[in-house]
Amino acid sequence: MKYIYWIIGAFVGLVALAYVALFTAVGNSMLKPLIEAQIKEQTKLESSLEQFTLCMSSLHIVLQLNKENRISVEGTYSLFSQDFDLTYKLALEKLSSLQALTKTKLNDSFFTEGKVKGNMQDIKVQGLSDVAKSNTSYKIVLKNLHPTSIIAKVQDLDLSALLHMLNQKQYAAAAVGLDVNFKDITPHQLDGNILLQTKEGLLNSAVMKKDFHLTIPKTRFAMNLKADLKGDNIDYKYYLNSNLAKLSSAGRVKPEPLTLALRYEVNVKELAVLKPLTHADIRGPLYLSGNVKGTKEQLLISGKSDIAASKTTFAALLREFAPKSLQANIKDLQVQKLLYMVKQPHYTDALVDVKVNITDADMKNLQGDVRTVVKKGLLDSRLLTKLYKFQSPMPKVSYGMQAYTTLRKNLIDTKVDFASNLANLNVKRARFDINDGSLQSDYRVKIHNLDRLYFVSQRHLKGALSANGEVKKAKDLDFTMHSDVAGGKLDAKLHNDDFHADINKLHTLDILDMLIYPKVLAADIDAKLDYNLAAAKGNLKGFLSNGKFTRNQVLDLTKQYAHIDLYKQRFKGDISAKINKEHILASLDLKSNTSSIKTTNSKLNSKTKRIDSAIDISANGNPLVVKLQGNVNAPKVSVDASKIIKKEAEKAVTKELQKHLGKDVGNLLKGLF
């Protein structure tokens, strides 16, 4: 029995000690510094307990978080039944000083007070607040510390005050009302409704312009959201109205498992105002409406739009929120309005029709096709002339196009037929590899009138030109061209900046006619050209055959002085040229049976069409030097016929002296001349 008494005594002593430590003034004074130290460590603030009174059935605690912010709790409780009836008050006069606790900067003040009643299994919280200048009341029920019911009423909440409190810029001002009536928020047993109303809304134009460089008119807005929750379903209606945009949506949402059946409508007068939300740098109006139906496993989004003044319909299938397929039909999209929308210059006017049928949108197994038709295309010649700094105006260019694209995994194949009053382009297959970014394409191009390219070439050309070949772009750029031109053939290839051309049997008259140069020589030319595009330098080496001169001032003078008709002779020989941008140094060495024509490093400027050339002519043994200077179409011609004159004079004098002095005088005169 003695030991039992000892145990009972010890237990009673411990209980008494615990009572003294917890529920007496002496015990409270001992616990107070320990609790303060823990609060300081957790809040990272210089907190203090102004009041700490804990009795067997009541408590009164006042916590000074810092100089401007205070929390107080007062009331009764029962240790045995675990019931409590407490009154609380939060008076946070300076939220900005609580950043160490809130981990984010807050502004202004926050006040709330109310009662907490019940026990640990059933707690009821009821209170009032002035958050963001509002009149707010709330009632919350917790079962086993989990909320099961929430009823709240927020009246006249000031949106700009809320944004300032949350340290956000005041993008808008509005009066907000919120009614929350959740009788039961237990998962799968939802029962309640929400009504959110925003009125007297006004966007802050100054902040929008400063932060997003958007100039918007004075914009007022109002918003309504009504949602009814029952079981697993949420039925809602949402509507936003402003002078810039109208948005509405309604339908049913089932959160678990996610099921959607809703409709939507978007009517935006100016997309630029949505940049803070979309982060998209676009502008202009947009109308969009449609439906969303399905589950997380298979969700169908369909709709119609007037993007860029088009008539557009679409249907997209998502699986696990990833795109699976897409069908779209775009009719009469106005390219000029699309360019405006994406803030690009007005390069062109055109109407575009597009039909998209993507049966598998997975990038690893891409499957589908796209048909594109461009109608009534018209380039903005004035703008393009200015942007690309053409020295002469670009002509009016109208065009149209049809393209058919197939998508197969990583390969995109496109067939193109492009027609314009400048040139036609046909591509049987342009293949783009998504994986390595390479492109391989054939092409056939026809230029109707070369002179219409004057704005690019800065030289007048005559006639038409057709060519075909291939383009390859991977690590390097490779380009080939084949053309039947000037009565012969031209085969060329480009590797990055290095261009090489093989010229076979081109007729010089056709070439001179194309270049609008005087048609002084009819011949066939074979040559090779090597040219570097980056340096604009190159060399031409060739051979001219079956050459016959046409009527020209040089050979007329030759006939006059040398008394020989070179027009009847056929010439052949080597030709060469060194090209340095517009400067050309040309050389030729032509011979016939009895005569020769030779020039070395004749200067020709292809831009100014200036020529400076000295031509050495030997006409049946009669030497003649002809100089050409000035415009290539009408050069100044000068003739040095001193050698011919000397020879002719010798003949004439010899003949006359022989009449009077005899034949031996000829040998004497040779010595003199």
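The values are calculated or read from the model by the stated rules, or taken from the named source; none is laboratory data. Owing to the predicted nature of the structure, the values given are computational and were not obtained by experimental measurement. Note that we place each Cβ from the backbone using ideal geometry, even for glycine, and neighbour counts take in every protein chain shown.
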Expected single match for over 18 Å from THR508 (Cα atoms) and part of a helix (DSSP H, G or I) among LYS559, LYS578 is LYS559
By residue number, the members of segment 426-442 that are of a type in the set (Gly, Ala, Ser) and surrounded by 13 or more Cβ atoms within 10 Å (Cβ to Cβ) are ALA430, SER438, SER441
Of the residues in segment 173-196 that are touching a helix residue (DSSP H, G or I) at 6+ places or on another chain (Cβ under 6 Å) and buried (at least 18 other Cβ atoms within 10 Å of the Cβ), the one that is farthest from VAL125 (Cα to Cα) is ALA174
Screening LEU142, LEU162 for residues that are within 25 Å of LYS230 (Cα to Cα) and either of a type in the set (Val, Ile, Thr) or surrounded by 15 or more Cβ atoms within 10 Å (Cβ to Cβ) (or both) leaves only LEU142
task: Inspect segment 197-217 for any residue being touching a residue at least 12 places away in the same chain (Cβ under 8 Å), buried (at least 17 other Cβ atoms within 10 Å of the Cβ), under 30 Å from LEU145 (Cβ atoms) and not hydroxyl-bearing (Ser, Thr, Tyr) and give the result as yes or no.
output: no
ILE434: passes all of (1) within 22 Å of ALA501 (Cβ to Cβ); (2) touching a helix residue (DSSP H, G or I) at 6+ places or on another chain (Cβ under 9 Å); (3) of a type in the set (A, V, I, L, M) but (1)
*Residue check for ALA308: touching a helix residue (DSSP H, G or I) at 6+ places or on another chain (Cβ under 6 Å) and in a strand (DSSP E or B)*: no
Residues of segment 539-556 being assigned to a strand (DSSP E or B) and of a type outside the set (A, V, I, L, M), in sequence order, are ASN539, LYS541, GLY542, PHE543, SER545, ASN546, GLY547, LYS548, PHE549
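Residues checked against (1) farther than 25 Å from ASP108 by Cβ; (2) modelled with pLDDT under 90; (3) under 39 Å from the mean Cα position of the chain (by Cα); (4) of a type in the set (D, E, K, R):
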residue	(1), (2), (3), (4)
TYR138	no, no, no, no
LEU145	yes, yes, no, no
LEU162	no, no, yes, no
LEU166	no, no, yes, no
VAL180	no, no, no, no
Within segment 443-467, residues being surrounded by fewer than 16 Cβ atoms within 10 Å (Cβ to Cβ) and part of a strand (DSSP E or B) number 3
Taking segment 473-493 and the residues there that are under 32 Å from the mean Cα position of the chain (by Cα) and not in a strand (DSSP E or B), the one that is nearest to ASP510 (Cα to Cα) would be ASP476
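Going through segment 368-385 one residue at a time, which ones are part of a strand (DSSP E or B) and in contact (Cβ under 8 Å) with a residue 40 or more places away in the chain?
GLY368, GLY377
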Restricted to segment 414-455 and to residues being under 22 Å from the mean Cα position of the chain (by Cα) and acidic (Asp, Glu), the residue nearest to GLY368 (Cα to Cα) is ASP433
Of the residues in segment 533-552, those that are surrounded by 14 or more Cβ atoms within 10 Å (Cβ to Cβ), over 18 Å from GLY573 (Cα atoms) and free of Cβ contacts under 8 Å to residues at least 40 places away in the same chain come to ASN552
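Looking only at residues that are under 21 Å from LEU585 (Cα atoms) and of a type in the set (Ser, Thr, Tyr) in segment 611-655, which one is modelled with the highest pLDDT?
Of all residues in segment 611-655, those under 21 Å from LEU585 (Cα atoms) come to 611-617, 625-638.
From the residues that got through so far, the ones that are of a type in the set (Ser, Thr, Tyr) too are 613, 638.
On the way: SER613: 85, SER638: 75.
Restricting to residues being under 21 Å from LEU585 (Cα atoms) and of a type in the set (Ser, Thr, Tyr), the top hit is SER613.
Given the residues TYR399, TYR388, which is the only one that is surrounded by fewer than 15 Cβ atoms within 10 Å (Cβ to Cβ), free of Cβ contacts under 8 Å to residues at least 60 places away in the same chain and among the aromatic types (Phe, Trp, Tyr)?
Result: TYR388 is the single residue among TYR399, TYR388 that is surrounded by fewer than 15 Cβ atoms within 10 Å (Cβ to Cβ), free of Cβ contacts under 8 Å to residues at least 60 places away in the same chain and among the aromatic types (Phe, Trp, Tyr).
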Within segment 250-285, of all residues that are hydrophobic (A, V, I, L, M, F, W, C) and in contact (Cβ under 8 Å) with a residue 40 or more places away in the chain, the one nearest to ASP360 (Cα to Cα) is ILE282
Residues in segment 509-532 that are surrounded by 18 or more Cβ atoms within 10 Å (Cβ to Cβ) and of a type in the set (Val, Ile, Thr) total 2
Hey, does segment 317-330 have a residue that's more than 19 Å from ILE358 (Cβ to Cβ) and either outside any loop (DSSP other than H, G, I, E, B) or not small (Gly, Ala, Ser) (or both)? no
